[in-house]
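Colleague: For reference, the structure I am asking about is given below.
The values are calculated or read from the model by the stated rules, or taken from the named source; none is laboratory data. This is a predicted model, so every value here is computed, not measured. Backbone-built Cβ (ideal geometry, glycine too); neighbour counts: all protein chains shown. Keep in mind that these areas ignore ligands, DNA and RNA; they rest on the heavy atoms of the full protein, side chains included. Shrake-Rupley method; radii C 1.70, N 1.55, O 1.52, S 1.80 Å.
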There are 2 protein chains.
Amino acid sequence: MTRKTEREFLAEYDPADYPAIAVTVDVVALTIREGALHVLLVDRAGHPYLGRRALPGGFVQDETLDAAARRELAEETGLRAGERALDRVHLEQLRTYGDPGRDPRMRVVSVAYLAFAPSLPDPRAGGDAAAAHWVPVAAAGALAFDHDTVLADGLERARSKLEYTPLATAFVQDEFTIAELRAVYAAVWGEDLHAGNFHRKVLSVPGFVEGTGRTAERGAERGGPRPKLYRAGDATLLHPALLRPATEERVR
Amino acid sequence: MTRKTEREFLAEYDPADYPAIAVTVDVVALTIREGALHVLLVDRAGHPYLGRRALPGGFVQDETLDAAARRELAEETGLRAGERALDRVHLEQLRTYGDPGRDPRMRVVSVAYLAFAPSLPDPRAGGDAAAAHWVPVAAAGALAFDHDTVLADGLERARSKLEYTPLATAFVQDEFTIAELRAVYAAVWGEDLHAGNFHRKVLSVPGFVEGTGRTAERGAERGGPRPKLYRAGDATLLHPALLRPATEERVR
DNA sequence: CAAATAGTGTCTTTTAGACAGTATATA
DNA sequence: TATATACTGTCTAAAAGACACTATTTG
């Protein structure tokens, strides 16, 4: 049993005694554009995987992991800290990837984050964001490192969270119609939902959405009544949940 | 744009250019003993937090993160790799904690794991396991580092996973009765469940449990028919799920 | 006007949960 | 024998999902 004081112990402690592992954050940033789910990807400008697409990410600095993820997202999208669009992005930790060999340079442990954003502008030219673009998830394959796995995990998390949380509202603007919300579910789940039942269901879940008393400027493109506008309610969990259909196939 | 080859690039790459961060794994290992949920804790033998209880954990070596977690669990419980009891333990990644200052010695990023185990023997004396014990979660407070938070996150994950996965079977032996399974839910959720409804519900979820055709040696302590024995089925998700009662209160 | 959509009504099926009842063990 | 338990039956309420219908807006 040691008899050192804590002060003595800290003075003698040498970080170099432990193996060097780099820690990075990678961000799976999702948004919906023209009805399709998109992910933010960057073109790698250096080795390894030069020219391949990758999730945006970088080394963790003297900051929390959450802050590192938000900073990377800001840098790649060109949004500035404090900007409203960036503040509205929902960020949550996804999981951590650390297999030896996942990066040929050295041992890198990457903490992946998942971001849900309303439709954002194209990343601004100049700076880090030059090589970033929104890519339809259907066309996002063959990524660098183990990012195919990270993206797949992020998509599954997103699909799942739509079931039991109100996070679909993170993909739409402050005020939205029920049809816009339904389009989020359709894009993320990859299947259409019955409009009438969806409508009633959303309104019946306490705290999911709240009415604004206002109505959209105009109806749908090819006709229809002007829909009411809603904003996100105060629920953090949906009860009862909106379960995906066809769960049977995923069960075994 | 670089013109180096990948070989040249790797040769020049210097890990020391990046901030030194230590990577550890911590394990929230849960089991049920005498009807109460227990967590595996160690008494810290050194600074910082000398004498405080902590989650078992340690530095990641040249191994996957999952392997590091299983190794730490084996070391602290005294179970040896390849031992059947250890192989049966369900391990999954919980989340990663990396706030600057969470360890006063240096920047430490900890990947936390969650383990579900059937009732295990007391950690063996000798070696690292000397200071480890199973502690009722109700009595597990004031842990070292941010381990109170890690434990709380692990408990919430465990409660939640019991709802929609068959993981309750990871807490019981290979063959079990419906009442034993119900005791797992009661211990993890902290509330009793209606025996009759639970029984029918478990049997009605496809792939949750399958009958063995066998019957327990004897009935309950104070009387009752000898219950049938079941083993885990092949479902990976419960559909429909077994939802916790009183969800309303957790919703906002 | 034709077509599309918002929003509501209704019916059926599934599921959750309350409660009761019977048979079978135990001390 | 008294009591606890396994397991099943039955009823009600909640919820999911299919389908139909009206009113409203668009080109």
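Colleague: How far is A:Pro245 from itself in the other copies, in nm, if each label sits 7 Å out from Cα along the Cα-Cβ line, shortest first?
Modeller: Copy-to-copy label distances at A:Pro245, shortest first: 3.4 nm.
Colleague: Which whole number in µm²/s is D for the protein assembly as shown by Stokes-Einstein, with the Kirkwood Rh taken over Cα pairs at 10 °C and 1.306 mPa s?
Modeller: D, rounded to a whole number, is 63 µm²/s.
Colleague: Using a Gaussian network for chain B with springs between C-alpha atoms less than 10 Å apart, which of these wobbles most: B:Gly224, B:Gly57, B:Gly190?
Modeller: B:Gly224
Colleague: Output the 0 to 90 degree angle, nearest 10, between the alpha-carbon long axis of helix B:65-77 and the longest principal axis computed from the alpha carbons of chain B.
Modeller: In chain B, helix B:65-77 runs at an angle near 70 degrees to the longest axis.
Colleague: Once you average over the residues of B:200-208, how many Cβ atoms of partner chains fall within 10 Å of each Cβ? Walk me through the numbers on the way to the answer.
Modeller: On the way: counts 0, 0, 0, 0, 0, 1, 3, 2, 0.
Averaged over the peptide's residues, the number is 1.
Colleague: Something else now. Nearest 5 percent is fine: what portion of the DSSP beta bridges confined to chain B is antiparallel?
Modeller: Just about 75 percent of them are antiparallel.
Colleague: What is the residue of chain A with the smallest Cβ distance to the axis taking A onto B, and what is that distance in whole Å?
Modeller: A:Thr96, 2
Colleague: Under a point-charge model restricted to the Cβ atoms of Lys and Arg (+1) and Asp and Glu (-1), what is the dipole moment magnitude of the protein assembly as shown relative to its Cα centre, in debye to the nearest 20?
Modeller: Details: 64 positive and 74 negative charges, 308 e Å.
Its charge dipole is roughly 1480 debye.
Colleague: Between region B:32-92 and region B:207-223, what is the C-alpha centre distance in whole Å?
Modeller: Taking the Cα centre of region B:207-223 as reference, the centre of region B:32-92 is 31 Å away.
Colleague: Using modelled backbone amide H atoms (1.01 Å from N, in-plane), which distant-in-sequence or interchain residues come within less than 5 Å of B:Gly190's amide H?
Modeller: Sorted by chain and number, the residues that satisfy this come to none at all.
Colleague: Something else now. Who wins for biggest fluctuation among B:Glu175, B:Glu34, B:Glu156 in a Gaussian network model of chain B, springs between alpha carbons below 10 Å?
Modeller: Per the Cα network of chain B with a 10 Å cutoff, B:Glu34 tops the list.
Colleague: Once the principal axes of the Cα atoms of region B:21-157 are found, what is the range along each, listed largest first in whole angstroms?
Modeller: Result, largest extent first: 38, 34, 31 Å.
Colleague: Looking at chain B as a GNM with Cα springs under 10 Å, which of B:Arg52, B:Arg84, B:Arg95 has the largest mean-square fluctuation?
Modeller: Looking only at B:Arg52, B:Arg84, B:Arg95, the biggest GNM fluctuation is shown by B:Arg84.
Colleague: Largest first, how would B:Phe59, B:Phe176 line up by accessible area (1.4 Å probe)?
Modeller: B:Phe59, B:Phe176
Colleague: Within 10 Å of each Cβ in B:91-98, how many Cβ atoms from other chains are there, averaged over the peptide?
Modeller: Details: counts 0, 1, 4, 2, 7, 12, 4, 12.
Mean inter-chain Cβ contacts per residue within 10 Å come to 5.
Colleague: Using only alpha carbon pairs under 8 Å that are at least six residues apart, calculate the relative contact order of region A:165-250 and give it in whole percent.
Modeller: Relative CO of region A:165-250 lands at 34 percent.
Colleague: Another question, if that's okay. Ordered shortest first, which distances in nm separate the 7 Å Cα→C-beta label point of A:Ala85 from those of the other copies?
Modeller: 5.8
Colleague: Using a probe of 1.4 angstrom, how much of the accessible area of region B:165-250 is carbon and sulfur, in percent?
Modeller: Whole-percent figure for carbon plus sulfur exposure: 50.
Colleague: Follow-up question, since we're still on this one. Got the relative contact order for chain B handy, in percent, Cα pairs under 8 Å and 6 or more residues apart?
Modeller: Taking the mean separation of contacting Cα pairs over the length of chain B, I get 18 percent.
Colleague: Angle between the Cα long axis of helix A:147-164 and the longest principal axis of chain A, 0 to 90 degrees, nearest 10?
Modeller: With both axes taken from Cα atoms, the answer is about 40 degrees.
Colleague: For peptide B:100-111, compute the average count of partner chain beta-carbon atoms within 10 Å of each residue's beta-carbon.
Modeller: 4
Colleague: Considering only protein heavy atoms, what per residue accessible area in square angstrom results for region A:165-250 with a 1.4 angstrom probe?
Modeller: On the way: 4840 Å² over 86 residues.
Averaged over the residues of region A:165-250, the accessible area is 56 Å².
Colleague: May I ask you to report, in nm to one decimal and beginning with the shortest, the distances from A:Ala220 to the same position in the other copies, taking label points 7 Å along Cα-to-Cβ?
Modeller: 5.6
Colleague: A further question on this structure: Just need the Rg to Rh number for chain A, please, alpha carbons only, Kirkwood Rh.
Modeller: Radius of gyration relative to Kirkwood radius: 1.06.
Colleague: Something else now. For region B:21-157, what relative contact order do you get, as a whole percent, if you take Cα pairs closer than 8 Å and at least 6 residues apart? Please list the in-between numbers first.
Modeller: Working: 257 pairs, mean separation 48.1, N = 137.
Taking the mean separation of contacting Cα pairs over the length of region B:21-157, I get 35 percent.
Colleague: Leaving ligands and nucleic acids out of the surface, order A:Leu203, B:Leu162 by accessible area at 1.4 Å, largest first.
Modeller: Largest accessible area first, the list is A:Leu203, B:Leu162.
Colleague: What angle do you read, to the nearest 10 degrees and between 0 and 90, between the alpha-carbon axis of helix B:178-189 and the longest principal axis of chain B?
Modeller: Approximately 50 degrees, to the nearest ten.
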